Every structure is written in structure tokens, then in C-alpha cells.
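Notes follow the structure.
The values are calculated or read from the model by the stated rules, or taken from the named source; none is laboratory data. Everything numeric in this text was worked out from a predicted model, so none of it was measured. In this analysis, Cβ positions are derived from the backbone assuming ideal geometry, glycine residues included, and neighbour counts consider all displayed protein chains. For the accessible areas, the whole protein counts, side chains as well, though only heavy atoms, and no ligand, DNA or RNA atoms are used. Shrake-Rupley method; radii C 1.70, N 1.55, O 1.52, S 1.80 Å.
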Amino acid sequence: MTDERVKFLRGRIRDVPDFPKEGILFKDITPLLADVEAFRTCIQLMAEKLDGESVSSVIGIESRGFMFGAALADKLGVGFIPVRKPGKLPAATYRAEYDLEYGSDAVEIHQDALAPGDRVVVVDDLIATGGTAKATKDLVHQCGAQVAAFVFVINLLALEGTKKLTPTPIITLLDY
Ligand code: AMP
């Protein structure tokens, strides 16, 4: 049953070659979002794989993590917290930087978004190098909270991004 559902979701991911630049095979999740059955199945699978894990909130990483994260938060009956690119959040923030192929980037969270002792689930559409997710884990720690699990729709296995996140549990629905 789970295999069938995973196959169904796989059929809703569109490969777009050479986007946003040459040599990148972009995994487009918009067909999945546009299909209500696929989107519901995706969120249902995430919730099942969390297997009753008790969490205080769900964090979504800008911007595709917002869509999956907000729906999962609703499903789990907890609040949603956005992690955003620099300069987007209005109140006082913590910041964590991560390396890109050329240069670096950063993510931010509101300082009062989490309380010490909170346990959160971090959600994004895809893990590639794992840099964004690792920086998000750093933000959670700056708040004095813990990441109970990461959830990704897609894992690009060749880039071994999940290695950056050990020993935190990682749930991925579709491996490529
Ligand atoms: P990373 O920090 O390298 O794990 O990159 C993860 C972020 O980049 C996620 O928010 C993804 O949405 C985006 N991303 C990286 N590679 C791809 C790809 N091949 N297709 C779609 N999104 C990607």
C-alpha cells in the first residue's frame, strides 16, 4: 500500500533539465501540489512515518518547505514556524550561515519562535547538499530547542546531504 502511494507521488514530480542553470536537474513539485489526492497522500505519508512522535511545532524552510510544513503542522495539530532567507522576518532573529558552491547564504528564525526544551519537525521539499537543513538545525539549537526529525519529500542520494544531519532521524518519501 505504501509502495503504491510512493509510486503515485513519484509520478507527480516533474524533472526540468537545466533549471535554474545548466547541468541542474530540477525536481518540480508543482504537479504534486496541484493534485489534491497527491498532496493529501504526501502529508498523510509524512504523518505516518513520524509514527506518533510528539512534537511542539513544525518548521518549514523557505519557500517550498512552507507548503508541506504548514499542511503537516495542521495534520499533526501543532503550530507552524517559518525559517526564512535573511531580512524577511520582521522581529528580532537568530541567523545561521551555510556554504554554497560559490559563497554563502543564511537563514533566520524569530528569536521567540521556540522555547527551550521544544522538540520540532523540520520540513523541506528536497534535500540536496543538506546545507540549508543543517543551518536550520543550528537555528533550532540557538533557540535552546531540539530537532526531533527532518522530513523531506525528495532526497538526492548522490549528494549525501543527510550525512550533515546525523544523528537526527530523517524521513524522506522519494529517493533519487
Ligand atoms: P541543499 O541546502 O543543498 O540541501 O538545498 C536544498 C534546497 O535547494 C531545497 O530548499 C530545495 O528546494 C532546493 N534544491 C536544491 N537542488 C534542487 C533540485 N535539483 N531540484 C529542486 N530543488 C532543489
**Message:** Being more than 10 Å from the ligand (Cβ to nearest atom) and crowded, with 18+ Cβ neighbours inside 10 Å is the filter here; which residues of the range 139-164 pass it?
**Reply:** 139, 140, 143, 145, 147, 148, 149, 150, 151
**Counted residues, the range 1-33 - those being open to solvent by 90 Å² or more (accessible area, probe 1.4 Å) and assigned to a helix (DSSP H, G or I)** = 4
**Matching residues in the range 34-69 - criterion: being of a type in the set (A, V, I, L, M), open to solvent by 50 Å² or more (accessible area, probe 1.4 Å) and farther than 16 Å from residue 126 by Cα** = 34, 36
**Asked** Pairs, please: C-beta under 6 Å, at least 6 apart or cross-chain, first residue farther than 19 Å from residue 169 by Cβ and in the range 29-52, second more than 16 Å from the ligand (Cβ to nearest atom) and open to solvent by less than 60 Å² (accessible area, probe 1.4 Å)?
**Response** 32/38; 33/39; 41/5
**Item:** Residues (open to solvent by 10 Å² or more (accessible area, probe 1.4 Å), part of a loop (DSSP other than H, G, I, E, B) and near the ligand (Cβ under 10 Å from one of its atoms)) located in the range 114-138
**Value:** 128, 129
**Request:** Determine the pairs where a residue that is closer than 23 Å to residue 6 by Cα, located within the range 154-172, has a partner that is of a type in the set (S, T, N, Q) and more than 10 Å from the ligand (Cβ to nearest atom) with Cβ atoms under 6 Å apart, the partner being 6 or more residues away or on another chain.
**Result:** 155/172
**Fill in**
Within the range 122-176, residues being under 11 Å from the mean Cα position of the chain (by Cα), of a type in the set (Gly, Ala, Ser) and closer than 21 Å to residue 47 by Cβ number 2
**Asked** Across the range 83-107, what is the total count of residues that are farther than 25 Å from residue 24 by Cβ and open to solvent by less than 50 Å² (accessible area, probe 1.4 Å)?
**Response** 2
**Request:** Output the residues belonging to the range 1-32 that are near the ligand (Cβ under 9 Å from one of its atoms) and of a type in the set (Lys, Arg).
**Result:** 27
